[in-house]
Amino acid sequence: MSTDIVSKSSPQKENSGPSRLSSFGSAFVAGGFTMYPVLLILVIVGAIIAPRFATAANLLNILDQVSVLGLTTIGLTFVVLIGRLDLSLEGIVGFAPMLAAVTLVPVAAGGLGLELPSWAGLFIALGTAGLIGFFNGFMVVRVGLNPFISTLGLLVLLRGGVLIVSNGRSIYSPGKALTYLGSESWFGVPVSVVMFIVVAVMVGLVFHYHRYGRALYAIGGNEDAARAAGINVDGVIWSAFVFAALLAGLAGVLMTGRLDSAVTTQGQGIIFSAFAAAVIGGVSLGGGRGTIVGVISGVLLIGVINNLLTLAQVPSFYVQASTGAVIIVAAVLTTIASRRSSGVRTRT
């Protein structure tokens, strides 16, 4: 009798170790922490080869530089989690603050002659972004257009719209309300960094704890099942496009403040970096998987790599190619880690 008990309990003890390790690995990957060891290695290497890298001022500068990309990527994550794409976010980063700027400055400075009060700038920029997101949601939910085609067309339209409303001119010093968030500091910390952190924490809490966040994951995982479970699928999809556009508009405001001007080329190419950051952070382009913790790791990885290459005085035309190569490697590592932790084939 006692022999039987021993023989049955032994395998359980042998399996407990690997099982706990496997569970830890799965939770580590699912939580979006895959790239943080890579980030730690990069920081250590950077501190060794470039002493200026590890200074507080430089680390703060990295956070300031990635704040625009970070907000755009967080906005993109709303849409990607429900299994959709939004390419127009890049156009919003440039168009929303430009439209606000031309309503504030006089005609001689490139404005439309409205010369609205400065405080209206932020509201016009965010209001414009929200309306564009609402339009995107309408085209996808009500008209039934493919999000890729719809937002691609809108991206091209917004790029042309920037040139039309500004007459091809950049608008300098458009007003304090439009530049404050991207140019001022609180107790030595750029306001843009504070905004980035606050938005990331709030969105992370919503994704993890609020029923709206759970609805995003449910729709991305299985839309039919989510609808059968009573989730307002159309409403959630529509609102996801609005939230994404609002965050892209806020990112554009930060960029305008940093440059103290609304530039006609503002935001060009940022959507590719946003997709890269999301994929590196473990967000599935098929929807239903990804965390803000992972998104932040992707954004930071891109920022650290760019900063290291700049400090190493790598010629600028090599920086973009080098960043792209590292992004591919990081995406491969994330995919491999996801497959091994889940035991199934996954898409990023």
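Restricting attention to the range 99-156 and to residues that are polar (S, T, N, Q) and over 15 Å from Leu250 (Cβ atoms), the residue that is most open to solvent (accessible area, probe 1.4 Å) turns out to be Asn146. The set of residues in the range 49-63 being free of Cβ contacts under 8 Å to residues at least 12 places away in the same chain and assigned to a helix (DSSP H, G or I) consists of Pro51, Ala54, Ala56, Ala57, Leu59. Sub-8 Å Cβ pairs linking a first residue in the range 126-137 that is in contact (Cβ under 8 Å) with a residue 60 or more places away in the chain to a second residue that is acidic (Asp, Glu), at least 6 apart or interchain, are Asn136/Asp86, ordered by first then second residue.
Restricting to the range 303-329, name every residue that is part of a helix (DSSP H, G or I), of a type in the set (Gly, Ala, Ser) and at pLDDT below 85. Full working, then the answer.
The first filter runs over the range 303-329 and keeps only residues part of a helix (DSSP H, G or I), leaving 303-311, 316-329.
If we keep only those that are of a type in the set (Gly, Ala, Ser) too, we end up with 303, 316, 321-322, 324-325.
Of everything in the range 303-329, those that are part of a helix (DSSP H, G or I), of a type in the set (Gly, Ala, Ser) and at pLDDT below 85 turn out to be Ser316, Ala321, Ser322, Gly324, Ala325.
Collect the residues in the range 276-301 that are part of a helix (DSSP H, G or I) and either closer than 19 Å to Gly221 by Cα or open to solvent by less than 10 Å² (accessible area, probe 1.4 Å) (or both), keeping them in residue-number order. Before the answer, list the steps.
Pass one, the range 276-301, residues part of a helix (DSSP H, G or I): 276-280, 292-301.
Answer for the range 276-301, where residues must be part of a helix (DSSP H, G or I) and either closer than 19 Å to Gly221 by Cα or open to solvent by less than 10 Å² (accessible area, probe 1.4 Å) (or both): Ala277, Ala278, Val279, Ile280, Ile292, Gly294, Val295, Ser297, Gly298, Val299, Leu301.
When the range 162-202 is limited to residues that are in contact (Cβ under 8 Å) with a residue 40 or more places away in the chain and polar (S, T, N, Q), the one that is nearest to Asn61 (Cα to Cα) turns out to be Ser192.
Residue pairs whose Cβ atoms lie under 8 Å apart, separated by 6 or more positions or on different chains, with the first residue in the range 259-274 and touching a residue at least 12 places away in the same chain (Cβ under 8 Å) and the second open to solvent by 40 Å² or more (accessible area, probe 1.4 Å) and not in a helix (DSSP H, G or I), are Asp260/Tyr172; Asp260/Ser173; Ser261/Tyr172; Ser261/Ser173; Thr264/Gly168; Thr264/Arg169.
Within the range 23-44, the set of residues being touching a residue at least 60 places away in the same chain (Cβ under 8 Å), in a helix (DSSP H, G or I) and among the hydrophobic types (A, V, I, L, M, F, W, C) comprises Phe28, Val29, Ala30, Val38, Leu39, Leu42, Val43.
Among the residues of the range 218-246, count how many are open to solvent by less than 20 Å² (accessible area, probe 1.4 Å) and farther than 14 Å from Leu131 by Cβ.
The initial filter retains those residues of the range 218-246 that are open to solvent by less than 20 Å² (accessible area, probe 1.4 Å), namely 219-220, 226, 233, 236-237, 240-241, 244-245.
Going one step further and asking which of them are farther than 14 Å from Leu131 by Cβ, we end up with 219-220, 226, 233, 236-237, 240.
Counting residues in the range 218-246 that are open to solvent by less than 20 Å² (accessible area, probe 1.4 Å) and farther than 14 Å from Leu131 by Cβ gives 7.
Residue pairs whose Cβ atoms lie under 8 Å apart, separated by 6 or more positions or on different chains, with the first residue in the range 289-300 and touching a residue at least 40 places away in the same chain (Cβ under 8 Å) and closer than 12 Å to Val80 by Cα and the second open to solvent by 20 Å² or more (accessible area, probe 1.4 Å) and among the aliphatic types (A, V, I, L, M), are Thr291/Ala30. Filtering Phe243, Phe187 for residues that are touching a helix residue (DSSP H, G or I) at 6+ places or on another chain (Cβ under 8 Å) and among the aromatic types (Phe, Trp, Tyr) leaves a single hit, Phe243. What about Thr77, is it in contact with an Asp or Glu (Cβ under 9 Å, 6 or more places away or on another chain), part of a helix (DSSP H, G or I) and surrounded by 24 or more Cβ atoms within 10 Å (Cβ to Cβ)? When the stated conditions are applied, Thr77 does not pass them.
The values are calculated or read from the model by the stated rules, or taken from the named source; none is laboratory data. On a predicted model such as this, the values are computed, not experimentally measured, just so you know. Cβ atoms come from the backbone with ideal geometry, glycine included; neighbour counts cover every protein chain shown. Surface areas here come from the heavy atoms of the whole protein model, side chains and all, with no ligands, DNA or RNA. Shrake-Rupley method; radii C 1.70, N 1.55, O 1.52, S 1.80 Å.
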